[in-house]
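Structure record follows, encoded as structure tokens.
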Amino acid sequence: MILIALYITIAMVTLAALLNVYRVIKGPDAPDRVLALDTLYVNAIALIVLLGIALQTRMYLESALLIAVMGFVGTVAMAKYLKRGSVIE
């Protein structure tokens, strides 16, 4: 039963990631694209964690943490660029 729920969850998170990719490509303006990228890395973290659960290994959790840190830094940098026009002052 858990395995079926795991596969259904992987399918739904993959669909959400594909919809985020569509929003990144088709987004009406830059802040919407940044928000879609932010949500996309959250979905990537979820997929990696679900893959680790499906394969019954802890190896993927470190890569999920790395993506979380890099995604946060990237989102902050893009938000600062959109607000001020430069990242480094």
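The values are calculated or read from the model by the stated rules, or taken from the named source; none is laboratory data. What you are looking at is a predicted structure, and each value in this text was computed from that prediction instead of being measured. Cβ coordinates were reconstructed from backbone atoms using ideal geometry, including for glycine residues, and neighbour counts include every protein chain displayed. Accessible surface is based on the protein model in full, side chains and every heavy atom, while ligands, DNA and RNA are left aside. Shrake-Rupley method; radii C 1.70, N 1.55, O 1.52, S 1.80 Å.
Observations on the structure shown:
- For the chain, with all protein chains in place and a probe radius of 1.4 Å, 73% of the accessible heavy-atom surface sits on carbon or sulfur.
- Charge-dipole axis of the chain as Lys and Arg at +1 and Asp and Glu at -1 on Cβ define it, positive-most pick from Y81, M1, V42: Y81
- Accessible surface, region 2-84, averaged per residue in Å² (probe 1.4 Å): 72
- Rg and Dmax of the chain, Cα atoms only, in Å: 15.4, 54
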